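Enquirer: One structure follows; several queries about it will come next.
What follows is calculated from the coordinates using simple rules that are stated; it is not laboratory data. These figures come from a predicted structure and were not determined experimentally. When we count neighbours, we look across all protein chains shown, and the Cβ atoms used for this are built from the backbone with ideal geometry, even at glycine.
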Amino acid sequence: QQPPHCVPPAIRVLPLTCTDTRRGVRPVVHSLGDGTVHVSAARHDATFGFSAVFDAGSSQEAVFEGSGMRQLVELAIEGFSCTVFAFGQTGSGKTYTLMGPLAQSEKQPAAPGLLGLMQRSFSCLLEQSRSRGSDLALSASYLEIYNEQVRDLLSPGPPYALPLRWSKTRGFYVENQLNVDFESLETITELLLQGAEPRRRRTSAHALNRHSSRSHALLTIHVRSRAVSTPGSLIITPRCGFPQAGARPGKQGSLCFVDLAGSERVKETGSSGELSVEANNINRSLLALGHCISLLAKPRGKRTHIPYRDSKLTRLLARSLGGSGITLMVRGEDGWEGGDGGVTGSSPVALPQVACVSPSSRCLSETLSTLHYASRARRVTTKP
Ligand code: ADP
Ligand code: MG
């Protein structure tokens, strides 16, 4: 039996905004430099430990190299389902961490140094593909969950809801979702921009963020490696009927980036009307996700039914979280315990997260809840 594979969350602390600096707001979150963050404010004094802490001065590259993303790309090539979550309060830098700043215009793309985890992972994946003689077939799908509706961000025309179904062999899946093949960085970058805010994905302006994402977005890269031969044997081509001596069967992995809509307190963001309906849907699905994660973090004996069906988000993430057909490892107080899902034969999962927090005292309560949430998620680990 292999040792469990565990990728604990990383924390990224956003720089103070100009408005906060102007108002003389003091940062209340400090990186202590050894993987811990310290929160100190009037009635709070707490230290949290994580796999990595990126402070306000950290570059996008440092986050990519330090968060284990490169290893995750390799795991996806090896046939694992890998998921990257970005979570945290609205305006805390989730979209920035995943995609970099929004391009000012098509003619003025973001500077290469500012590209996010997604673009860096695509480059890494395509490099690997080339170095392996292009034996990887890559494709992408891009969905958003807006007001509890699943929509395809790659389909042309106005967005419409797609049905989310369940089958014994596939688990939860979205019917008629587009899956687009790509072979170059230009194509996948264009697909990303096509679906991303503010072109398609729902955003609204409110008090904490001018482009606040009002939906959860899931970009999935499917990685199929064609059957290959081991050194010293004949090369097997994809059309070659059945495996020959020395051949390894093809593998099918995936890399999913989840940009969660930020939790928010309606009072602070000044949301009303449609915005507050959106906020309630966002908060409700994040609550369902938090609930599933806290149940999954319990030792197996104490674990009850995991309510994936409570929201579209948890249904779509069931596979990543440990639901249908993966072997899940949960770190209990006294070591590792295995758990299992219902369907057999699907690939295991790796699950790292990047939690984003604002250092501002104005966001203290949300920051504390993000850090608690991340510490809880830290105990949900999976086994390749
Ligand atoms: P979220 O997706 O969490 O709501 P965004 O990623 O949209 O937040 O970030 C809010 C604003 O802060 C954006 O204008 C973004 O460019 C800026 N920002 C976020 N993180 C950083 C960072 N690490 N360095 C500089 N600017 C950042
Ligand atoms: Mg966002």
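Enquirer: Would you mind checking which residues have amide H under 5 Å from VAL150's amide H? H placed 1.01 Å from N; only 5 or more apart, or other chain.
Expert: It is LEU162, by chain and number.
Enquirer: Averaged across orientations, what area in nm² does the convex hull of the alpha carbons in the stretch 79-178 project?
Expert: Taking a quarter of the hull surface, the average projection is 9.4 nm².
Enquirer: Turning to a different aspect of this structure: Which order do LYS302, LYS251, LYS312 fall in if you start with the one that has the fewest other Cβ atoms within 10 Å?
Expert: Ordered from fewest to most neighbouring Cβ atoms within 10 Å, LYS302, LYS251, LYS312 come out as LYS302, LYS251, LYS312.
Enquirer: Using a 10 Å cut-off on Cβ atoms, rank the peptides 287-295, 86-94, 128-136 from the highest mean neighbour count down.
Expert: My ranking of the peptides, most packed first, is 86-94, 287-295, 128-136.
Enquirer: Still on this structure, I have one more. Semi-axes, largest first, in whole Å: what does sqrt of 5 times each Cα gyration tensor eigenvalue give for the stretch 119-191?
Expert: Taking √(5λ) for each eigenvalue gives 28, 16, 10 Å, largest first.
Enquirer: So what are the ³J(HN,Hα) numbers for the stretch 20-33, from phi and the Karplus equation (6.51, -1.76, 1.60; θ = phi - 60°), rounded to whole Hz, Gly and Pro as x?
Expert: Rounded to whole hertz, the list is 4, 4, 4, 7, x, 5, 9, x, 10, 10, 10, 7, 8, x.
Enquirer: Describe numerically, in nm with one decimal, the distance between label points set 7 Å from Cα along Cα→Cβ at THR47 and at LEU32.
Expert: That separation, rounded to one decimal, is 0.2 nm.
Enquirer: Whole percent per 5 Å bin, from 0 to the bin with the longest distance: what is P(r) over all C-alpha pairs of the stretch 1-145?
Expert: Per 5 Å bin, starting at 0, the Cα pair percentages come out as 2, 7, 14, 18, 18, 16, 11, 7, 4, 2, 1, 0.
Enquirer: While we're looking at this one, here's another question. How would you rank TYR308, TYR160, going from fewest to most other Cβ atoms within 10 Å of each one's own Cβ?
Expert: Least to most surrounded, the residues fall as TYR160, TYR308.
Enquirer: Using a simple spin-label model with points 7 Å from Cα along the Cα→Cβ vector, what separation in nm is obtained for SER59 and ARG309?
Expert: 5.0 nm
Enquirer: What FRET efficiency do you get for GLN108 and ARG132 if R0 is 41 Å and r is their Cβ-Cβ distance, rounded to the nearest 0.05?
Expert: 0.75
Enquirer: Could you give the nm distance between label points at VAL277 and TYR173, where each point is 7 Å from its Cα heading toward the beta carbon?
Expert: Rounded to a tenth, the inter-label distance reads 3.2 nm.
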